[in-house]
Amino acid sequence: MGSYGRNTAIAGLSDLDMVFELPATIYHQYNDYLGNGQSALLQAVRASMERTYSTSHIGGDGQVVAVKFRDDITFEVVPVFENTSGSYIHPDSNQGGSWKTTNPRPEIQAIRERNRACNDNLVNLCRMMRAWRRKWNVPIGGLLIDTLAYQFIDDWDSRDKSYFYYDWMCRDFLSYVARQDKDQVYWRAPGSGQYVRRRGAFEAKARKCYHLALQAIAHESQTPKQEWSAKQRWREIFGSSFPD
């Protein structure tokens, strides 16, 4: 589940999303509560995990139970119940409690298939843009990065080319992100079609980095090539992760 399941996570990730499937009888037990059975279910899961991981910090945010270990990796555990369609329902204790639907399997499959069709460039683009998000503190979720990259690369002319085209790929994708409608509040995830909501304004930071990418490519196009200057521009965008 999450970026780890879609294979788009990068080194240094601080949290992993996990679904933990429970039997339907437990769903009926907590669904029959008169008030916020979802909160009661999350509390029961938390109490059970505290007995196993007594030395770790365990918290939650209304939809997950989070376990932080000593290596600073946090596992966000989502208790789920499988639907006949293969999707899952999970508890949300906010605003009195409700059940939400998530469907990670077709998202994983859609990313996998398009990545295979474009010479593995989709996954690498998603990973690079996570480095951009980290460097620039961009308010954009991982699933939205993957969704925009999935849409972009399907129409990108060089989608099946080698990594020698990655400078153009980054430039063109940053331009694509910068040109998103600022009033758009959600996109549709690949595969599942679920809503992927905006967390904040990301277009301006994408536009700034698009211009940095133009500068980097201009340095690369000089004779002789200005490799050091180009690398500095790329590292302004991505930090030390890209390029190596």
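The values are calculated or read from the model by the stated rules, or taken from the named source; none is laboratory data. Fair warning: this is a prediction, and the values are worked out from it, not measured in the lab. A quick note on method: Cβ atoms are made from the backbone with ideal geometry, for glycine too, and the neighbour counts reach across all protein chains shown. The accessibility values were calculated without ligands, DNA or RNA, using every heavy atom of the protein model including side chains. Shrake-Rupley method; radii C 1.70, N 1.55, O 1.52, S 1.80 Å.
One decimal place: the segment Tyr163-Asp32 gains 41.7 nm when fully extended, by the rule 0.36 nm per residue minus the C-alpha distance. Under 1.5 on a/c is rounded, so check that first for the range 14-138, then, if it is not, pick prolate when a/b is larger than b/c and oblate when it is not; a ≥ b ≥ c are the square roots of the alpha carbon gyration tensor eigenvalues. In terms of gyration-tensor shape, oblate. Ordered from largest to smallest accessible area (heavy atoms of protein chains, 1.4 Å probe), the residues Asp71, Asp157, Asp181 come out as Asp157, Asp71, Asp181.
The range 34-82: which chymotrypsin sites (Phe, Trp or Tyr not before Pro) are DSSP loop and have at most 12 other beta-carbon atoms within 10 angstrom?
Loop-located and lightly packed - Phe69.
Modelled this way, with points 7 Å down the Cα-to-C-beta line, the labels at Gln151 and Lys225 are 3.4 nm from one another.
For the range 142-194, the square roots of the Cα gyration tensor eigenvalues, ordered a ≥ b ≥ c, give a/c of at least 1.5 with a/b no greater than b/c, which places it in the oblate category.
Scanning the chain for trypsin sites (Lys or Arg not before Pro) lying in DSSP loops with no more than 14 further Cβ atoms inside 10 Å, the longest uninterrupted stretch between such sites is 71-178.
With every protein chain in place and a 1.4 angstrom probe, the accessible-area ranking of Asp155, Asp15, largest first, reads Asp155, Asp15. The computed Cα Rg over 2.2 N^0.38 Å for the structure shown corresponds, within (i) 1.16; (ii) 0.97; (iii) 1.12, to (i). Between Gly60 and Ala66, the built amide H atoms are under 5 Å apart, and every one of these is 5 or more places off in sequence or on another chain. Using the Cβ-Cβ distance between Asn119 and Ala201 with R0 set to 22 Å, the FRET efficiency works out to roughly 0.10. Each part reduced to its alpha carbon centroid, the range 140-198 and the range 1-67 end up 29 Å apart.
How big is D, in µm² s⁻¹, for the range 205-244 by Stokes-Einstein at 4 °C and 1.567 mPa s if Rh is the Kirkwood radius over C-alpha pairs?
It diffuses with D of about 130 µm²/s by this estimate.
Looking at the range 165-244, none of the GluC sites (Glu not before Pro) sits in a DSSP loop with at most 15 other Cβ atoms within 10 Å of its own Cβ. Its DSSP H runs of at least 4 residues, each contributing -39,500 (n - 2.57), put the calculated 222 nm mean residue ellipticity of the chain at -15000 deg cm²/dmol, to the nearest 500. Here the calculated FRET efficiency for Leu214 and Asp72, from their Cβ-Cβ distance with R0 = 45 Å, stands at 0.80, rounded to the nearest 0.05.
Could you give the nm distance between label points at Ser48 and Glu21, where each point is 7 Å from its Cα heading toward the beta carbon? Inter-label distance under the simple model: 1.5 nm. Sorting His211, His219 by accessible area puts them as His211, His219; the probe is 1.4 Å, largest comes first, and only protein heavy atoms count. Quick one: grab the alpha carbon gyration tensor of the range 98-167, order the square roots of its eigenvalues as a ≥ b ≥ c, and give me rounded if a/c is under 1.5, else prolate or oblate depending on whether a/b is larger than b/c. The shape class here is oblate.
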